[in-house]
Amino acid sequence: MAHWLFTEEHELVRKTVRNWVEKEIKPYVEEWENAGEFPRELFARAGELGFLGLTYPEEYGGSGEDYLAGAVFFEEMARCGSAGVAAGLGASMAIAGPQIYKFGSEELKNRFLPPTISGKKIGALAITEPNAGSDVASIQTTARNMGDHYLVNGSKIFITNGVRADYVVTAVKTDPAAGHKGISLLVIEKGTPGFTVAKKLDKLGWNTSDTGELVFEDCRVPGENLVGRENMGFYYIMQNFAWERLVMALEAVASAQLAIDVAAEYARQRVQFGRPLSKFQVTRHKLADMASLVETARCLTYHALSLYVSGRDAVTEVAMAKLYACEIANRVTDEAVQIHGGYGYMMEYPVQRFWRDARIGTIGGGTSDIMKQVIAGRLIK
Amino acid sequence: MKILVCLKQTFDTEAKITLDSNGKIESKGVSMIMNPYDEFAVEEALRIKEKGEGEVTVISVGGQQTQDALRQALAMGADKAVLVDPGEIELDEFSTATVLAKTIGGMEYDIILGGFRAIDDGSAQVVGRVAELLNIPVVNVVTKLEIEGGKALATREVEGGSEVIEVALPAAFTAQKGLNEPRYPSMKGIMKAKKKPMDKKTLADVGLDENQIAAKVKALSFSLPEARQAGKVIPGEAAEAAKELARLLREEAKVI
């Protein structure tokens, strides 16, 4: 039964994405996991089918600014069982693109949004640095305003799509003395002299997405590549965090649900002590607990999503949804491994991947600790 | 070129079929899809339209939930939809074909397309019956269709090969797997599907009453296939196990 939040159109989007995931993603997931990335062509395919444009207006090639349709897309993507695929597509469509769409000049939008939406160009957002994670204000990459261009120096780490991105929306210090009030966003294109990918990073999970370390050495970035106004970057970043965090919460819920489905199926088939595991109360109750946690997380996430799409202040609820959904995804995928016993520990069974993939949830896009900081900040004025 | 596509909403191929306490097929809680063979028909209609000029109208007989399948066709690119809701009565192939033919009789058309069968009851009768009622030719199980200058070249499956048939339009064709690879509905198409016309009619609107379409056949009972037996694992050394396997295949399964 469809949730009240979604319309008939959204359910048709769901059906379409589900079909696509089933036919064009699921059969290749193991291959892509082993290769350490999904093929670049998948961006173009997702673009061609209109998925990357769900949250953008038609003038840039989208199908209308429909965040519920976007939510449906990410929920269904999670069903492919390899969270890196959605991470890669999402980093371009839901994380890099929105900075340009919401805050960029018309010229920047016309240059970068149509190719992002058609999947011809891949975007990335680069904020994190070796010495600046949760503490965004302490970034050390600098951009010196040279009149018609900026001179960028510094490095970025843990950047999803970093290795193959065609452009990187990069957080830089334009006023190093001003803390968070000195941050700006620059669109830096691949091939700009002085911009190099230092390496592709090896990760615990999200293995179908590439994660890079980027280096800028006297990198000349044209002045028109500034997103919005100088020294406003921190506020721009914070504003799109709501959507990024909602996407992470939605994916966490959908992935945890997948882990339950897989564990329940395994429990039906695995016979021990003369009966399937699913006949043992201990397994049944474990599954019931897992399902209740996921349903709670789903309700909270949908609530936050409904606030967000209605344009109301959703900061607290989004932080709660991201915190709760990602935390319980760790627990639920862990229990799913437990139900699988020794087989759950084997690479041959996908459940270990759900567990590994879930682990980033409480770290990326703002750690659980930062989520609590946000919630507490609203509670205690 | 006016193209009409008859389509049916069926159970999802993934759906688990169960019988209710009256021995009828339980439809509650089952997710529904457009009959996959009808999806080939919709796709073919769109391709014919895209090659030249034309208009694609999709037609279905069913309850209000059938709109989902029609909307999917609109999202794929069809221009208009017609839904005839016959109300709560038992239908057979005769009933459905009569309703469709009566509805289509009042419309302009050059080509009628439909799946050669539906994946649920699999009767493979409806489009043929519609063509008969409309007094136009029908070509079944088509795997390739070319339209030119008021006639069609249709390639169809025959035992062990294929045959090519030339037929003057208007004519009806039923789609077989292999005719094409249906497209996904486009996202823009989905968002616009609601704005496309969906003409909802009752039996009376098409000039019929329940007696005129009363089913001529009645299903007496339904039964589910027997549960599959668990597989057998033959233990032991490979050479010994292979011998035992060969023996079982010959003596028990009787396949070699």
- To the nearest 20 debye, chain A has a Cα-centred charge dipole, built from +1 on Lys and Arg Cβ and -1 on Asp and Glu Cβ, of 840 debye
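Sort A:LYS15, B:LYS200, B:LYS102 so that the residue with the fewest other Cβ atoms within 10 Å of its own Cβ comes first and the one with the most comes last.
B:LYS200, B:LYS102, A:LYS15
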- Task: Find the percent of Cα-Cα distances in the stretch A:8-122 that exceed 18 Å, and round it to a whole number.
- Result: 46 percent
- Item | Helix B:238-251 vs. chain B, principal-axis angle (Cα, 0 to 90°, nearest 10) | 60 degrees
- Item | Antiparallel bridges, percent of DSSP beta bridges restricted to the protein assembly as shown (to nearest 5) | 60 percent
- Query: To one decimal place, what orientation-averaged projected area in nm² is obtained for the convex hull of the Cα set of chain A?
  - Reply: 19.0 nm²
- In Å, what Rg and Dmax follow from the Cα atoms of the protein assembly as shown? 28.8, 89
- May I ask you to list the lysines whose Cα is less than 18 Å away from that of B:LYS232, ignoring any residue fewer than eight positions away on the same chain? B:LYS243, B:LYS254
- Query: Pick from B:GLY52, B:GLY106, B:GLY161: which residue has the top mean-square fluctuation in a GNM of chain B where Cα pairs under 10 Å get a spring?
  - Reply: B:GLY161
- Per the helix-only calculation at 222 nm, which mean residue ellipticity applies to chain B, given -39500 (n - 2.57) for every DSSP H run of n ≥ 4 and division by its residues, nearest 500 deg cm²/dmol? -8500 deg cm²/dmol
- Query: So between A:TYR343 and A:ASN231, what do we pick up on full extension, going 0.36 nm a residue minus the alpha carbon distance?
  - Reply: 35.1 nm
- Taking Cα pairs under 8 Å and at least six residues apart, what relative contact order does the stretch A:154-205 come out at, in percent? 33 percent
- If you average 1/r over every pair of different alpha-carbon atoms in the stretch B:112-256 and take one over that average, what Kirkwood value in Å do you get? 21.1 Å
- Message: For A:TRP355, A:TRP243, which order do you get if you count the other beta carbons within 10 Å of each Cβ and list the fewest first?
- Response: A:TRP243, A:TRP355
- Mind checking the angle between helix B:93-105 and chain B's longest principal axis? C-alpha axes, 0 to 90 degrees, to the nearest 10. 30 degrees
- Query: Taking chain A as a Gaussian network, Cα atoms linked when under 10 Å apart, which of A:ARG45, A:ARG331, A:ARG312 shows the biggest mean-square fluctuation?
  - Reply: A:ARG312
- Note on the structure: Once Lys and Arg are counted +1 and Asp and Glu -1 for all other residues with Cβ under 11 Å from that of A:ALA358, the total becomes 0
- Message: So if I take the alpha carbon set of the stretch A:124-231, get Rg, then get Rh from the Kirkwood formula, what is the Rg over Rh ratio?
- Response: 0.96
- Over the stretch B:9-119, what is the percentage of antiparallel beta bridges among all DSSP beta bridges, to the nearest 5? 45 percent
- Task: In vacuum, with every alpha carbon of the stretch A:247-332 counted as one equal point scatterer, what does the Debye formula give for log10 I(q)/I(0) at q = 0.13, 0.20, 0.23, 0.24 Å⁻¹? Two decimals, please.
- Result: -0.47, -0.82, -0.97, -1.02
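When Cβ neighbours within 10 Å are restricted to other protein chains, what is their mean count per residue of peptide A:43-56?
2
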- Return B:VAL141, A:VAL215 ranked ascending by Cβ neighbour count within 10 Å, so the fewest neighbours appear first. A:VAL215, B:VAL141
- Task: Rounding to the nearest 20 debye, state how big the charge dipole of the protein assembly as shown is about its Cα centre with +1 on each Lys and Arg Cβ and -1 on each Asp and Glu Cβ.
- Result: 1220 debye
- Highest GNM mean-square fluctuation among A:VAL169, A:VAL253, A:VAL262, for chain A with Cα springs under 10 Å, belongs to A:VAL262
- Item | Projected area averaged over orientations for the stretch A:234-380, convex hull of C-alpha atoms, nm² | 9.6 nm²
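Laboratory data are not the source of any read-out in this text; all were calculated from the coordinates shown. Please read all numbers here as calculations on a predicted model, not as lab measurements. For neighbour counting, all protein chains shown are included, and Cβ atoms are generated from backbone atoms with ideal geometry for every residue, glycine included.
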